[in-house]
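A.B. asks: One structure coming up, written as structure tokens, with questions to follow.
The values are calculated or read from the model by the stated rules, or taken from the named source; none is laboratory data. Nothing here was measured: the structure is a model prediction, and the numbers come from that model. Positions of Cβ are backbone-derived with ideal geometry, glycine not excepted, and every protein chain shown enters the neighbour counts. Remember, those area values only see protein heavy atoms, side chains included, never the ligands or the DNA or RNA. Shrake-Rupley method; radii C 1.70, N 1.55, O 1.52, S 1.80 Å.
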Amino acid sequence: MRRRIAVVGGGPGGLSFARVLHRHGCSATVFERDPAPDARPPGGTLDLHEGLGQLALDKAGLLAEFQTLSRPEGQAMRILDTDGTVLRDWRPRPDERANPEIDRGQLRDLLLGPLDVQWGRGVTRVVPGTPDGVRVHFADGRQETFDLVVGADGAWSRVRPAVSPATPQYTGVTSVETSLDDVDTRHPGLVRLTGDGSVAVYGVNRSLVAQRNSGGHVKVYARFRAPLDWHTDLDPADAGAVRASLLALFDGWAEPVLDLLRHGTAFVHRPLHVLPVSHTWTHVPGVTLLGDAAHLMPPLGAGANLAMLDGAELAESIAAGPDDLDEAVRAFEERMWARAGRWAEITTAGLERLVSPDPAEALAVFDRVQPS
């Protein structure tokens, strides 16, 4: 009998799952709440690791296409002191392919290919254990049942409550994101500051990171320790007020660094939340989670990579594993929990050191990960 499989969430993890299934001659329906692929900005650039995201793409038969689209030069990393002094300036070798960058939109389009994605189908809740299977309730009032529902719907997953009571908790660190467009023409000084990859500046309990994307686009992330309600007196739609607040927070930093904030056109508030480091659950037949829905952790380069490998491995378990669908899912969950637990420990410790009272801690992290 053909298995009825649903994936909730059309991000890198959900699409990797559906694409690897498709490669093995199986099918899944992806439900995505966005009304269209380009309904909102896809986000910044991603570095896909050889043993994680790139491995998932290899399992999907897409590695060669990824290598054509990716930007190996984007692996470059420069670290400045708050006065603008260059502390580290690492550039990849010409043949370095450990963590090449790719824009999220390009990755999404690469994964979409022939997949069956139902856009504008937001899920409100999932009910396992009904006589007909797992019942999915949609925002439009409709309901459908499936043999397996995979929650790949991110930090605030609507699928997670079907297997776990865990909810994301605030880390004490907030990120405010802004963007610069057409930088090569409009902001040549910031192009020199950022280089081909990223530039990071670390201060006391705060940091600024700028990342080069393709098409003359730069993403800027201001991160700092603050109460969750730090912005209650600010109108988030008032870019001028948010900009002024951030410039005051980073007062005294080098003028070229502050220009990353001065030229930002819109600001998005993203408080950083996490799930418990060793988040697991008692297995529920017919429902599982992957990616941020299963193991939300600080955004330090692991999240999308783990989500993609989660999706690829679950798909392989289902396509090539035992006839018992539940047994295949159980085996996947055990492997995922072990791997995610290790990465959650690494990224949690990393966030503590990268947004720290002692900026030297951030430099030490870089030197351990990327020794000169």
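A.B. asks: Find the accessible area per residue for the chain; the probe is 1.4 Å, ligands and nucleic acids are left out, and the unit is Å².
C.D. replies: On the way: 16460 Å² over 372 residues.
Result: 44 Å² per residue.
A.B. asks: Follow-up question, since we're still on this one. What FRET efficiency do you get for GLU361 and ASP251 if R0 is 25 Å and r is their Cβ-Cβ distance, rounded to the nearest 0.05? Working shown, then result.
C.D. replies: Values: r = 22 Å, r/R0 = 0.88.
Efficiency at R0 = 25 Å is approximately 0.70.
A.B. asks: Cα centroids of region 176-199 and region 216-280: how far apart, whole angstrom?
C.D. replies: 17 Å
A.B. asks: Could you tell me what percent of the accessible area of the chain is made up of carbon and sulfur, with a 1.4 Å probe and every protein chain present?
C.D. replies: On the way: 8320 of 16460 Å².
That share works out to 51 percent.
A.B. asks: Let me ask something additional. At what distance in nm do the modelled label points of ILE346 and THR68 sit from each other, each positioned 7 Å from its Cα along Cα→Cβ?
C.D. replies: 3.1 nm
A.B. asks: Beta carbons within 10 angstrom, averaged per residue: use that to sort the peptides 182-195, 12-25, highest first.
C.D. replies: Details: 182-195: 15.3, 12-25: 25.1.
Highest mean packing first, the order is 12-25, 182-195.
A.B. asks: Rounded to the nearest 500 deg cm²/dmol, what is the calculated helix-only ellipticity per residue at 222 nm for the chain, with -39500 (n - 2.57) per DSSP H run of length n ≥ 4? Don't jump to the answer; show the numbers that get you there.
C.D. replies: Details: 12 runs with 127 residues, N = 372.
Theoretical 222 nm ellipticity from helices: -10000 deg cm²/dmol.
A.B. asks: What is the packing order of peptides 280-293, 96-109, 300-313, 328-341, taking the mean over residues of other C-beta atoms within 10 Å and listing the highest first? Display every interim value, and only then the final one.
C.D. replies: Values: 280-293: 22.1, 96-109: 19.3, 300-313: 25.4, 328-341: 17.4.
So the peptides 280-293, 96-109, 300-313, 328-341, ranked by packing, come out 300-313, 280-293, 96-109, 328-341.
A.B. asks: Using only the alpha-carbon atoms, how far is helix 360-369 inclined from the longest principal axis of the chain? Give it as 0 to 90 degrees, nearest 10.
C.D. replies: Result, in degrees: 50.
A.B. asks: Once you have the Cα-Cα distance between ALA241 and GLN370, take 0.36 nm times their residue separation minus that, and quote the gain in nm to one decimal. Could you put the intermediate results ahead of the total?
C.D. replies: Values: separation 129, 0.36 × 129 = 46.44 nm, distance 3.72 nm.
Length difference between fully extended and current span is 42.7 nm.
A.B. asks: Something else: Evaluate Rg over Rh across region 1-130, taking Cα atoms for both radii and Kirkwood's formula for Rh. Mind showing how you got there, number by number?
C.D. replies: Working: Rg = 18.3 Å, Rh = 16.8 Å.
Here the Rg-to-Rh quotient is 1.09.
A.B. asks: Would you mind estimating how fast region 101-238 diffuses translationally, via Stokes-Einstein at 25 °C and 0.890 mPa s with the Kirkwood radius over Cα pairs, in µm²/s?
C.D. replies: Working: Rh = 19.2 Å.
Answer, rounded: 128 µm²/s.
A.B. asks: While we're looking at this one, here's another question. Pairing the Cα long axis of helix 325-354 with the longest principal axis of the chain, what angle in degrees results, from 0 to 90 and rounded to the nearest 10?
C.D. replies: 10 degrees
A.B. asks: What is the helix-to-structure angle for 239-249, meaning the angle in degrees between its Cα long axis and the longest Cα principal axis of the chain, kept from 0 to 90 and rounded to the nearest 10?
C.D. replies: For helix 239-249, the angle is close to 60 degrees.
A.B. asks: Further question: Sorted by average packing, counted as other Cβ atoms within 10 angstrom per residue and highest first, what order do 127-138, 354-365 take? Provide the component values of the computation, followed by the final result.
C.D. replies: Working: 127-138: 15.7, 354-365: 17.3.
Ranking the peptides 127-138, 354-365 by packing returns 354-365, 127-138.
A.B. asks: Given region 1-136, what percent of its DSSP beta bridges are antiparallel, to the nearest 5?
C.D. replies: On the way: 11 of 17 bridges.
If I count the DSSP bridges inside region 1-136, around 65 percent turn out antiparallel.
A.B. asks: Express the relative contact order of the chain as a whole percentage, based on alpha carbon pairs under 8 Å and six or more residues apart in sequence.
C.D. replies: Values: 768 pairs, mean separation 83.8, N = 372.
Once normalised by length, the contact order is 23 percent.
A.B. asks: List, in order, the whole-Hz ³J(HN,Hα) value for each residue of region 74-90 obtained from phi through the Karplus relation with A = 6.51, B = -1.76, C = 1.60 and θ = phi - 60°; use x for Gly and Pro.
C.D. replies: x, 6, 4, 9, 10, 10, 10, 7, 5, 8, x, 5, 7, 9, 9, 8, 9
A.B. asks: Then there's this: Have a look at the DSSP beta bridges in the chain and tell me what percent are antiparallel, nearest 5.
C.D. replies: On the way: 46 of 63 bridges.
Percent antiparallel among DSSP bridges in the chain is about 75.
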